[in-house]
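The values are calculated or read from the model by the stated rules, or taken from the named source; none is laboratory data. All of these numbers come straight from a predicted model, not from anything done at the bench. Positions of Cβ are generated from backbone atoms using ideal geometry, with glycine treated the same way; all protein chains shown enter the neighbour counts. Please note that ligands, DNA and RNA were not included when accessible areas were found on the heavy atoms of the full protein model with its side chains. Shrake-Rupley method; radii C 1.70, N 1.55, O 1.52, S 1.80 Å.
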Amino acid sequence: RRHDALVNLCQTLVETVLFYHPAVWWLSERLRRERELCCDDLVLSICPDRRGYAEALAAMEALRPLPAHWSLAARGGSLLERVRH
């Protein structure tokens with residue numbers, strides 16, 4: 001319903017074309033963060049167990065592999081921010 005896949009595709013195209021523009025990267029990061037929070041809100045509207053969802057997020061974070069030194073550009077989301085939200 002929210003067309004996240006289409007928005008993500010358009011966002012990636014804009015990032016590709018305007019790669020060197022810092023405002024594009026700032027706005028993209030902001031959009032990704034908001035998209036994650038919207039998804040979290042949608043999950044909690046269906047299953048209102050906030051504690052269980054926070055524990056599930058923490059369990060997923062524990063499964064995330066440690067970042068390699070060569071992948072400095074790869075960034076994950078902020079789990080703590082999502083749990084606080």
Next on the checklist: Being loosely packed, with under 10 Cβ neighbours inside 10 Å, assigned to a helix (DSSP H, G or I) and either in contact (Cβ under 8 Å) with a residue 60 or more places away in the chain or not polar (S, T, N, Q) (or both) is the requirement here; does Ala56 meet it?
Outcome noted: no
Checklist entry - Any idea which residue in the stretch 30-48 is farthest from Arg82 (Cα to Cα), counting only those that are exposed (fewer than 12 other Cβ atoms within 10 Å of the Cβ) and among the charged types (D, E, K, R)? => result Arg30
Checklist entry - What tally of residues in the stretch 6-29 results from selecting those that are open to solvent by 80 Å² or more (accessible area, probe 1.4 Å) and in a helix (DSSP H, G or I)? => result 9
